[in-house]
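First the structure, in the form of structure tokens, and then the observations on it.
Every number in this text was worked out from the coordinates using simple rules, so none of it is lab data. What you see is a predicted model; the values in this text were computed from it and never measured. Every residue, glycine among them, receives a Cβ derived from its backbone with ideal geometry; neighbour counts consider all protein chains shown.
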Amino acid sequence: MSPKSDKRISLLRYWTTRYLVTLFIGLLIIGIISTLWIRYSTIENRLDTIRLMAEEITDRVVDTEGNLHIGPFLPRIIEKRQRFLHLEGELLLIITDKYGIPLYSRPDLPPTALRQILSFSKANGETVDKITIGPDQKLYLVKNRIEYNQETLGWVHLVYPEKDIPRNTEELQLLGIMLGSLALLGWAVIYLLTSKLSKPIQEVAGAAKQIVAGNYEIRLEKTVKEKEVYELIHSFKEMAERLQQLESLRTELLAGVTHELKTPVASISGLIQAVKDGVVTGEEAKEFLNISLNETGRLQKMVEDLLHFNSFAVGAMTVQKDTQNMNRLIQEIIHQWLVVQDDNGIDLHTWVPENTIYATTDAMRIQQILINLLNNAKQATGIGGKIDVILYQEGEEIRIDVKDNGIGIPEEEQPLIFERFFRGKDKKYKVRGLGLGLPLSKMIAKTLGGDLVLKESSETGTTFSFSLPK
Ligand SMILES: Nc1ncnc2c1ncn2[C@@H]1O[C@H](COP(=O)(O)OP(=O)(O)OP(=O)(O)O)[C@@H](O)[C@H]1O
Ligand SMILES: [Mg+2]
């Protein structure tokens, strides 16, 4: 990662600056457009007024017989109208005959300027024109035709300098104040919103740091109204609780494993010590050594399980798949398992379908899973125990159910039985074990492309179901 992308800015600063830049650009555009619009409409208003004046003058300079009559009343009218319409500035009036020859001009213009204006007027039609005279004198020219019985008698020209059109400073100031207040208000709103939004996120980040440091007792504000933030806080709390549970479960389970491994060692050393010290002799000593040997065997099995599990957990499980006659394989496995059971009072039934089921799978791994399930079933049943193993096909899957009529798994333990090292409270003080049978079996089943699940469990018995692809 580049050093640039490593730099982190706070949520508040990030969004406030971004929002402000956007707001500023937006307001600037609005400001420019509004200024142009104000200027444009002021000019238009002025020109409309001048046009009206031109029309009035046109009416006044023609008498009822259709003769042009330019009298001394003109300057008075213009002054009066200018005052009345707030038309500050210098307004020029030029009246020409129909050929463009000047008949009247007020105030008197230098001949060159008059010529220039009239030549512009001639070149253009009856529209309003913006003309430039001299180096930089800009003027608006408004023309109106003097008519009598549809015959052109002459032209009225009103010329108004651009510099006399007001600058609208007041309006522009008002616009500036409005846009400025909008920017300020926008900034305040985004600042408040972002700081409100970033507070719970900051709290969650702080809580996460606490968890990293091993402290699960976190306190988070729960009264937030926003759904997403509430969900974040809620899920985070749940996650912290689950982590705490797992942490204490791990400690507890590790203590269980240590205990399971320590107990046989203690009893073996006690038994051997007794033989060595001559506390027991003869047949009894032999018996003691036999018990020690059995304990050693069990210890060895547990250590093997542990090693197996570890190597499987790191992904070192090998499978050798062959086509297997599942009906026969299941019966063989069960037969072998029964032979090594010391008590023969187990009521075990195997149910296989009439049609032979074939599968491409690893026979040894299936044996491992089945033996784990059978051992669990046996340990859960005791005297009068009954176990059924049922092979059947369901859709594209082959299923093997192992059903017992044992004590069942308490509901609160059911979600935990596939956790490594988990042992039920009814079992852990009675039967030796590490709590690896089910997690290991599930792992193998998944490697074979199937799964192992707890189908049902109640006080009257338990059924595990193990599936395989065909
Ligand atoms: N058939 C069953 N009936 C009742 N409880 C069962 C059954 N199978 C498993 N359990 C419960 O699930 C727990 C976990 O089983 P698992 O096989 O993983 O461990 P274990 O049998 O205790 O020890 P290990 O198999 O390592 O010797 C058991 O301790 C037991 O409480
Ligand atoms: Mg087991």
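Under the classification rounded if a/c is under 1.5, otherwise prolate if a/b is larger than b/c and oblate if not, where does the chain fall, given a ≥ b ≥ c as square roots of the Cα gyration tensor eigenvalues? Prolate shape, in that a/c is at least 1.5 and a/b is the bigger ratio.
For the pair residue 332 and residue 172 in one chain, pulling the backbone fully straight at 0.36 nm per residue adds 47.7 nm over the alpha carbon distance. Each label point was placed 7 Å from the Cα along the Cα-to-Cβ direction; for residue 458 and residue 8 their separation is 5.3 nm. If you plug the beta carbon distance of residue 426 and residue 339 into 1/(1 + (r/R0)^6) with R0 = 30 Å, you get a FRET efficiency near 0.60. For the range 387-470, a simple Cβ point-charge model (Lys and Arg +1, Asp and Glu -1, everything else neutral) yields a dipole of about 540 debye relative to the Cα centre. The HN-Hα couplings worked out from phi for the range 139-154 by the Karplus form 6.51 cos²θ - 1.76 cosθ + 1.60 (θ = phi - 60°) are 10, 9, 10, 10, 10, 9, 7, 9, 10, 8, 6, 6, 10, 6, 9, x Hz, whole numbers, x standing for Gly and Pro.
Counting 0.36 nm for each residue step from residue 205 to residue 313 and taking away their Cα separation leaves a gain of 35.6 nm. Which one, 291, 273, 230, is farthest towards the positive end of the dipole of the range 216-316 when Lys and Arg carry +1 and Asp and Glu -1 on their Cβ? The Cα lying farthest towards the positive end belongs to 230.
Here the gap between residue 226 and residue 358, fully extended at 0.36 nm per residue and compared with their Cα-Cα distance, gives a gain of 41.8 nm. Computed about its Cα centre, the charge dipole of the chain is approximately 1480 debye, with only Lys, Arg, Asp and Glu carrying charge at their Cβ. Compute the distance from the alpha-carbon center of the range 296-357 to that of the range 401-468, in whole Å. If we compute the Cα centre of each part, the gap is 15 Å.
Rounded, prolate or oblate: which fits the range 317-381, taking a ≥ b ≥ c as square roots of the Cα gyration tensor eigenvalues, rounded meaning a/c under 1.5, else prolate when a/b beats b/c? Judged from the Cα gyration tensor, the range 317-381 comes out oblate (a/c at least 1.5, b/c at or above a/b).
Each helix, a run of at least 4 DSSP H residues, gives -39500 (n - 2.57); summed and divided by the residues of the chain, these come to -19000 deg cm²/dmol at 222 nm. Need one word for the range 277-325: rounded, prolate or oblate. Basis is the Cα gyration tensor (sqrt eigenvalues a ≥ b ≥ c); a/c below 1.5 gives rounded, then a/b vs b/c decides. Because a/c hits 1.5 or more and a/b fails to exceed b/c, the range 277-325 counts as oblate.
Go ahead and collect, in residue order, the members of the range 138-156 whose backbone nitrogen is under 16 Å from a label point 7 Å along the Cα-Cβ direction of residue 90. The answer is 138-141.
Distance from the alpha carbon centroid of the range 195-228 to that of the range 30-101 works out to 73 angstrom. Net charge of the neighbourhood of residue 298, taken over other residues with C-beta under 10 Å away and scored Lys/Arg +1, Asp/Glu -1, is 0.
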